[in-house]
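Only the coordinates and a few stated rules stand behind these numbers; no lab work does. Keep in mind it's a predicted model, so treat the numbers as computed, not measured. Cβ placement follows ideal geometry from the backbone for every residue including glycine, while neighbour counts extend to all protein chains displayed.
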Amino acid sequence: MKKLLLGSVALFVIAACSSKGSVMSQLDTKIPSIAELQHHNYELVKVNGKELELEKGSMTPNIAFGENMQITGSMCNNFFGEGYFSSRGVLKAKGLGMTRKFCSDAALNTLDGDIAELLDRGAEIIISDNGEFLRLSNIQTALEFKRSDKMR
């Protein structure tokens, strides 16, 4: 009986560890340096662990890191600011600005608020060891991006 119970527990643990979840949870990650972020563009792929679903014809949200940590990107609206690390692994943006157009895609409108809050209040930032994936997160929101390097 003990062997059966132990075998069941081991099987459950193995199944739980191999289940699909966040791409980032399956990769080795680290806190990026400025050099690892600069001159890269990332497209949003997941919001709070769920695949990004957009209305047909919507542009894919993105974030890009330029010279001197200039952050640019778009969700529904374009945003921009001067990125900096406020503490180890926490990214913020000084002078965060955003266009204010109406967007018919409700998901993109919500993402405008999410990215503004993350960059204004501070987001924990990690990248995969190979630099392909990036996550910005706080207690309420986790945005996962995949590197595309097609600067817009």
Practice problem: Could you calculate the FRET efficiency of N109 with E51 from 1/(1 + (r/R0)^6), where r is the beta carbon distance between them and R0 is 22 Å, rounded to 0.05? | Solution: 0.75
Practice problem: For S86 and Q38, calculate 0.36 nm times their separation in residues minus their Cα-Cα distance, and state this gained length in nm to one decimal. | Solution: 15.6 nm
Quiz prompt | Exposure proxy ranking, count of Cβ atoms within 10 Å, fewest first, for K56, K46 | solution = K56, K46
Quiz item: So what is the relative contact order for region 21-147, in percent, with contacts set as C-alpha pairs under 8 Å and at least six apart?
Solution: 29
Practice problem: Name the shape class, rounded, prolate or oblate, that the alpha-carbon gyration tensor gives for region 21-147, where a ≥ b ≥ c are the square roots of its eigenvalues, rounded holds for a/c under 1.5, and otherwise prolate holds if a/b is larger than b/c and oblate otherwise. | Solution: oblate
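Within region 64-152, which chymotrypsin sites (Phe, Trp or Tyr not before Pro) sit in a loop by DSSP and count at most 13 neighbouring Cβ atoms inside 10 Å?
The qualifying sites are F102.
Return the loop-located GluC sites (Glu not before Pro) in region 27-126 (DSSP other than H, G, I, E, B) with at most 15 other Cβ atoms within 10 Å of their own Cβ; answer none if there are none.
Working: sites: E36, E43, E51, E53, E55, E67, E82, E117, E124; in loops: E53, E55.
In loop regions of region 27-126 (DSSP not H, G, I, E or B), the sparsely surrounded GluC sites (Glu not before Pro) are E53, E55.
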Quiz prompt | In nm, spacing of pseudo-spin labels at D120 and K30 (7 Å Cα→C-beta vector) | solution = 3.3
Quiz item: DSSP beta bridges in region 21-147, what fraction antiparallel, as a percent rounded to 5?
Solution: 100
